[in-house]
Amino acid sequence: MNSALHGLLLAGGKSSRMGCDKASMVFGDDGLTQAGRALRLLRQFCGPVYLSLREGQPVPAGGEGVPVLRDAPGGQGPLAGILAAFRQARGAAWLVMACDLPLVRPGVLARLVARYAEDPLLPFVAYASALDGLPEPLCAVYGPSAFPVLGRHAARGHFCPRRILREESVPLLALPEVDTGALTNVNTPQDVAGARIGAREVRVAWFGRLAEQRGLREESVATTAKTAGEFLREMSDRHRLGLDPGVVRVAVNDEFAPDAHPLQTGDRVVFLAPFAGG
Amino acid sequence: MFRLANHPIDPAPLRRELASEDCGGFVFFEGRVRDHHEGREVTGLYYEAYRELAEKEGCRLVREIALKHGVRAAAMHATGGLVPGDLAVWVGAAAAHREEAFVACRELIDAIKARVPIWKRESYVGGSSGWVEGCACAAGHGDGRRTPSSMTSGIPTATTSSDAADSGRSTTS
């Protein structure tokens, strides 16, 4: 489509929380692996498309035959992959996408590409997270002018792309209305259940006994549950928490919420075990 | 007025705030950490609150009960680690006459226990610990379910003037 735009699929993550290679997993009904699906998406918008892998990492299923860029030794995380891409084609603009974003649809990439086309001097075109407003660096366009900026940060030991985009005060785009949960990533097999088109992304805070049971204080969750009550049952099942809907209540955005309370992306949800103050 | 604060809490400012020349009865309740529970020796408690909602709901309860009984009311609850003898919760109600003050104070502590999102973890001699779960119903009968015997043994104390009373030796509320 746009021959100047190169595509880069970041698949070099270690998937340690998934217990297997995320890129080779199949989530949708189309039978495509994450890598296969993402590559197809990138090809809709890019000329050459590359697969970014760690040194020695095997090519994930669905990525066969795609040219591979290996992380430069000594680099860290996704930034190593992006820098390797610029070393491959310094003057190119790169549409970069992580392989663990199963909810990204063409419209999400189209908005990035359109914005970049308006102003090809931009070093970065990225979305703001629907959850916290921070930059989403792993589904973004990196223009040629981004290369020296990234190199400068890397030299100072800054390897977190989100932090770099923040420090560079990159103006951010809003996600398309219908796709506010599109950049929900998938880190655990449990997330997979929620990783379907139409999922909402909510933040869950855990307290007391439930925090201990869950082993977490806070997390982001993709869910297809439409109401607070449905979400309670879903989370209870997903994590085998044994939450009795007759006993455990739900708070949404710091207010008690009835079972039928509709959930929206960006909501903060807390499950309330019976209280024991006093 | 409902406050959450890290242990140790100091109710003196609330006491001063509630005391008023038109209030002849001032009842307050202090819930203190008790050194035993269901036959086990308790070495400490840890209170964890969902702060945003706890403060909101606590303030609502105080307003509700103050309005209902025509009293001045306030309460505060400690968070964090406490040991036996420490002050966990303080509830005060001041009114023209003692009757309303007694009733409101009692109602407020019961409501706080039932409706404010605070959780409690007990530590026992020997090093074990566990979350103590209150009763899910809003009846306000204090601890229930896993801990059927009520831990409340504090007795509200009253004076006939704005001068605050001794708290007596109440234990965990």
Contact surface A-B: accessible area buried, both sides summed, square angstrom, 1.4 angstrom probe:
2200
Any lysines whose Cα falls less than 19 Å from that of A:LYS22, other than same-chain ones fewer than 8 residues away, would be A:LYS14
Residues whose built amide H sits under 5 Å from the amide H of A:LEU173, excluding neighbours closer than 5 in sequence, are A:ALA126, A:TYR127, A:ALA128
Once R0 is set to 35 Å, what does the formula 1/(1 + (r/R0)^6) return for the Cβ-Cβ distance between A:GLU255 and A:GLN88, expressed as a FRET efficiency to the nearest 0.05?
0.10
Can you list the residues, at least 5 places off or on another chain, whose amide H is less than 5 Å from the amide H of A:CYS99, using H built in the peptide plane?
A:LEU10
To make sure I understand the rule: partners must be aspartates and glutamates, Cα under 13 Å from the Cα of A:LYS226, and not fewer than 8 residues away in the same chain. Which ones qualify?
A:GLU201, A:GLU234, A:ASP259, A:ASP267
Per residue of B:36-48, what is the mean number of Cβ atoms on other protein chains within 10 angstrom of that residue's Cβ?
1
Give me the accessible area per residue for region A:200-272, probe 1.4 Å, as a whole number in Å².
42
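Take the alpha carbon atoms of region A:200-272, find their radius of gyration, then divide it by 2.2 N^0.38 Å using N residues; give the quotient.
Computed over Cα atoms of region A:200-272, the ratio equals 0.95.
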Taking placed amide H atoms and a strict 5 Å upper bound, the residues 5 or more places from A:TYR50 or on another chain that come that close are A:GLY7, A:LEU8, A:LEU9
Per residue of region A:253-258, in order, report the coupling 6.51 cos²θ - 1.76 cosθ + 1.60 (Karplus, θ = phi - 60°) as ³J(HN,Hα) in whole Hz, putting x for Gly and Pro.
6, 6, 8, 4, 10, x
Most fluctuating of A:PRO78, A:PRO171, A:PRO123 in the GNM of chain A (C-alpha, under 10 Å) is A:PRO171
In degrees, nearest 10, range 0 to 90: what is the angle between the Cα axis of helix A:34-43 and the longest Cα principal axis of chain A?
50
What's the center-to-center distance, using Cα atoms, between region A:47-64 and region A:245-278 in Å?
43
Tell me the angle of helix A:228-238 to the major Cα principal axis of chain A, expressed in degrees between 0 and 90 and rounded to the nearest ten.
70
Can you give me the C-alpha center-to-center distance between region A:132-152 and region A:74-122, rounded to a whole angstrom?
8
Inter-chain shielding of A:268-275 (mean C-beta neighbours from other protein chains, 10 Å cut-off):
6
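The values are calculated or read from the model by the stated rules, or taken from the named source; none is laboratory data. All of these numbers come straight from a predicted model, not from anything done at the bench. Cβ: placed from backbone, ideal geometry, glycine included. Neighbour counts: every protein chain shown. Please note that ligands, DNA and RNA were not included when accessible areas were found on the heavy atoms of the full protein model with its side chains. Shrake-Rupley method; radii C 1.70, N 1.55, O 1.52, S 1.80 Å.
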